[in-house]
Amino acid sequence: MSVTPSSRRVALLTLGCARNEVDSEELAARLDAGGWQVSTDASGADVVVVNTCGFVEKAKQDSIETLLAAADTGAKVVAAGCMAERYGKELADSLPEASAVVSFDDYTDIAARLDGVMAGEKFDAHTPRDRRELLPITPVQRQAAKVVIPGHATVDEHTPAHLRPVLRRRLENGPVASLKLASGCDRKCAFCAIPAFRGAFVSRDPQELLAEAEWLARSGVRELVLVSENSTSYGKDLGDPRALEKLLPQLAAVDGIVRVRASYLQPAETRPGLIEAIANTPGVAPYFDLSFQHSSEPVLRRMRRFGSTDRFLDLLDSARKLAPAAGARSNFIVGFPGETKQDVDELVRFLSEARLDAIGVFDYSDEDGTEAAGLDKKVKEDTIKRRYDRIVTLADELCAQRAEERLGSIVEVLVDTVERGEVEGRAEHQAPEVDGSTTLVAGDAGADLAALRPGDFVRARVTATEGVDLVAVPVAMISAAPVSPR
């Protein structure tokens, strides 16, 4: 049976990070404009587009499994996203279940690509290339380059940025949304392949960001999470290294937005002015998502990164002097080539003193095309596993202790969900998905628990902890969610 244009159904399945979620919403808008009915439900779809992750081996395996599961539904399957961009023809050859493997360059014509898939047309996958080579070396020259960058789509470049239509369709209706500051990265971390397939660093126009923030607020969004590969570089290609410091209060002032959260901060680029802006700006969460990766100076140098235990502790201390209850999280890699027992002990020292609210731990594995894959002094797999288990156990204990330090304190909680009488939200130090959460429970006085709705912003007193999670009693309503999206 043929499928008429008006009944074409596509499901968008998104894997990986919040940046991919923004890219999927751009694809959704393009597909909607092309006559496709868009959802996130693969059942009954004619085509399933999987926005894949290509960061580390486990993420790639998850992407493959999702693509195969989508094929089992009987729908035609299209691989998009980072893994598709990174491997292109190689992925297409090894995955005949996929009807097409698309590049970022195909995003502008994604509706036509899917039309072709439905028509049975053969789609030749791209040969991957280093996307850093598509942009000028000098950052300030990149804004004029005509390169497809997911999440940076411009509908009408001749219209002022703040007046352009927003090319984005929300796939979720919750009170939180990511706002992509920039794409790509200019850093040369030895373990990371992302710059090669995401490209060099490019900022989005601040007026365009403000317009999109206003659009999101009108759809009912209450918290903006600023995402990129490296948020601390924002503005360097716009000729203003302090652009993020200026943008934060403007975003916080958008009508309907109650909280703005910055993420993906590079310690080496986190300037005092930015620390002050995050710690002291009303409406901005005092939250520091810092990419430490390790704390032993020799390991960091081999990673092509900067810092040390003491420098990182000083950085955290400078934030807490301005905002004593500030939240902080980071990720760490154990088992990097050349890592010694002494290096691990140094990492333990840092973690034990840093008082982080959330800690992500990764066991090192070689990644295609990275400098680290060719390094000598590889750590044995059983040693990596032993070190990983040790750091994970320590991290769980330390984060639980940090949560306990918040007992009795007052936190500001954005309500995310209300289901079967259970009210779940997040305090200032809790980012969506990656950190803990706060369960609101009834108390003797204050806000009426039964009346709370997603998007409500309340003040609450912490009464208990469960690992990294908090339990709190609402004491006052700060800002009620609008009755309906404006």
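The values are calculated or read from the model by the stated rules, or taken from the named source; none is laboratory data. Computed from a predicted structure; not experimentally measured. Don't worry about glycine lacking a Cβ; one is built from the backbone with ideal geometry, like all the others, and counts go over all protein chains shown. SASA here: full protein model, heavy atoms, side chains in, ligands and nucleic acids out. Shrake-Rupley method; radii C 1.70, N 1.55, O 1.52, S 1.80 Å.
For the chain, with all protein chains present and a 1.4 Å probe, just round the carbon and sulfur fraction of the accessible area to a whole percent.
Ligands and nucleic acids excluded, carbon and sulfur reach 51 percent.
With label points built 7 Å along Cα→Cβ from the Cα atoms of residue 33 and residue 122, find their separation and express it in nm.
3.1 nm
Can you pull out the GluC sites (Glu not before Pro) in the stretch 30-120 that DSSP calls coil and that have at most 11 other Cβ atoms within 10 Å?
Nothing satisfies the criteria.
Please compute the contact order of the stretch 180-335 in relative form: average sequence separation of alpha-carbon pairs under 8 Å and at least six residues apart, divided by the residue count, as a percent.
Taking the mean separation of contacting Cα pairs over the length of the stretch 180-335, I get 20 percent.
Give the cysteines in the chain for which no other Cys Cβ lies under 4.7 Å away, or write none if there are none.
That list is 17, 53, 82, 185, 399.
Students often check this: by mean Cβ neighbours within 10 Å, which of 423-432, 267-276, 185-194 ranks highest, and how do the rest follow?
The densest-packed peptide leads the list: 423-432, 185-194, 267-276.
Here are several values of Rg and Dmax of the Cα atoms in Å: (1) 27.0, 101; (2) 22.7, 67; (3) 27.7, 90. Which one was derived from the coordinates shown?
(2)
Suppose all protein chains stay in the model; what accessible area per residue would a 1.4 Å probe give for the stretch 188-294, in Å²?
Normalised by residue count, the accessible surface of the stretch 188-294 is 28 Å².
Tell me, what is the per residue accessible area of the stretch 341-486 in Å², probe radius 1.4 Å?
52 Å²
If the chain between residue 97 and residue 353 were fully stretched, how many nm would it gain, using 0.36 nm times the residue separation less the Cα-Cα distance?
87.2 nm
For a test of the definition: using alpha carbon positions, the gyration tensor, and the 1.5 limit on a/c, classify the stretch 140-240 as rounded, prolate or oblate.
oblate
Could you list, in their original order, any pairs among 146/180; 89/236; 58/89; 188/385; 122/146 whose Cα atoms are separated by more than 24 Å?
The answer is 89/236; 188/385; 122/146.
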